[in-house]
Every structure is written in C-alpha cells, then in structure tokens.
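K.L.:
I'd like to ask you about the structure that follows.
Each reported figure results from applying straightforward, stated rules to the coordinates on display, with no laboratory input. Being a predicted model, the structure only gives us computed values, none of them experimental. We place every Cβ from the backbone using ideal geometry, glycine too, and count neighbours over all the protein chains shown.
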Amino acid sequence: MTDDILEGEAPRAAQLGAAERAGLEAALEEALLGKEEGGVPIGAALLAADGTILGRGHNRRVQHGDPSAHAETDAFRAAGRQPHYRGTTMVTTLSPCWYCSGLVRQFGISRLVVGEAQTFSGGHDWLAELGVEVIVVDDERCVALMTEFIEQHPDLWFEDIGEERP
Ligand SMILES: [Zn+2]
C-alpha cells in the first residue's frame, strides 16, 4: 500500500481517542502481518480501560490450520486471563463475525471499534443493541486490504466466514 493510503482516510476516526487510534494501528499492523504470512488479513487488539494494549493478534486460520483462530480470539488469548472485561475495548480491522461477536458478548467487553464493515458485516449491530458501545470507523486502508484479499483468495475468504463459495 502506498504512503497515501497509510496516511488514512477514515471519516469517523475523529470519534476515536488517542489510545483507540493506536489500537487500530496495532490491529492494522497485525492484519498486514497476517497478509505477509499468507493468511486472512484481519487484525485485532484488546485495550484495557486505560487504553493500554492487553493483547493483539491476527487471523491464523491458514498459518495454524485452525478454523477458530480469528483475529479477535487471537488478541483475546494474547491478553491472557483478566479478572473482568469491564471497560475494555476490542479493536478489529473488520466487523466481527458471529463467533467473535459472541466472544465480546460472553466476556462483557464494553466497547468495540471496527475498522470497516463494508466488505463484511457480522454482529456489530447486534452488539450495539445489547449495549456495547460500537464505533465503525470506515477506514479506507482496512477496506482496501479486505477487498484485495477477497478478490485474490475467494476460496480462503468463504472458508473463513463459513459459507460456500457462490
Ligand atoms: Zn471471527
């Protein structure tokens, strides 16, 4: 991606605090790492209530041969055991699938920052209805990354979201 793209065009990024912006950059770095590894380029970071990064990770379905290794679960596991998740924020480059939305719901993660929900829309609206504070940033870098991946690797993509390729 060019530096222009990396400068970012995220209309709603202004809604994010400094820590959340840093969290989104970390999630995007993870997504790019996943791309370099030949995997599904989705990244995530779990932030503590004070904004520090508790854990970060990326989708490792291909790398680990593990269909449950989504970006959000990878970041969640990297954060280790927490006494509770009140006040924490899950930052992810792509709208979370139902499985990862369930994780946010199950553990009472308070906030969700979504890089983009244009190429795929999972459970972020459902979480908002349940009281999770949700911000969809519409980050063009995240959109470009997933658009390119879906075009180049449709089989991997449909496998990842658990759907048969049309
Ligand atoms: Zn997921």
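K.L.:
Which of the residues belonging to segment 52-86 are within 12 Å of the ligand (Cβ to nearest atom) and either assigned to a helix (DSSP H, G or I) or among the hydroxyl-bearing types (Ser, Thr, Tyr) (or both)?
P.N.:
Selection gives 61, 68, 71, 72, 73, 74, 75, 76.
K.L.:
Here's another thing I want to ask about it. Mind listing whichever residues of segment 87-120 are away from the ligand (no atom under 11 Å from the Cβ), over 16 Å from residue 23 (Cβ atoms), assigned to a loop (DSSP other than H, G, I, E, B) and touching a Leu at 6+ places or on another chain (Cβ under 8 Å)?
P.N.:
117, 119
K.L.:
Filter segment 141-166 down to residues that are out of contact with any helix residue (DSSP H, G or I) (no Cβ under 7 Å at 6 or more places or on another chain) and among the charged types (D, E, K, R) and give me whichever is nearest to residue 67 (Cα to Cα). Lay out the reasoning, then the answer.
P.N.:
Quick first cut of segment 141-166, residues out of contact with any helix residue (DSSP H, G or I) (no Cβ under 7 Å at 6 or more places or on another chain) only: 143, 146-148, 151-155, 158-159, 161-163, 166.
Cutting the leftovers down to among the charged types (D, E, K, R) gives us 148, 151, 155, 159, 163.
Working: 148: 21, 151: 21, 155: 14, 159: 9, 163: 13 Å.
Ranking the candidates gives 159 first.
K.L.:
Got a number for residues in segment 63-80 being buried (at least 18 other Cβ atoms within 10 Å of the Cβ) and either on the phi > 0 side of the Ramachandran plot or among the hydrophobic types (A, V, I, L, M, F, W, C) (or both)?
P.N.:
Qualifying residue count, segment 63-80: 5.
K.L.:
So residue 49 fits all but one of (1) hydrophobic (A, V, I, L, M, F, W, C); (2) part of a loop (DSSP other than H, G, I, E, B); (3) within 15 Å of the ligand (Cβ to nearest atom); what number is the exception?
P.N.:
Result: residue 49 fails condition (3) only.
K.L.:
Taking the stated definitions as given, is residue 159 in a helix (DSSP H, G or I) and over 17 Å from the mean Cα position of the chain (by Cα)? Write out each step before concluding.
P.N.:
Values: in a helix (DSSP H, G or I): yes; over 17 Å from the mean Cα position of the chain (by Cα): yes.
Yes; evaluated as a whole, the condition is true for this residue.
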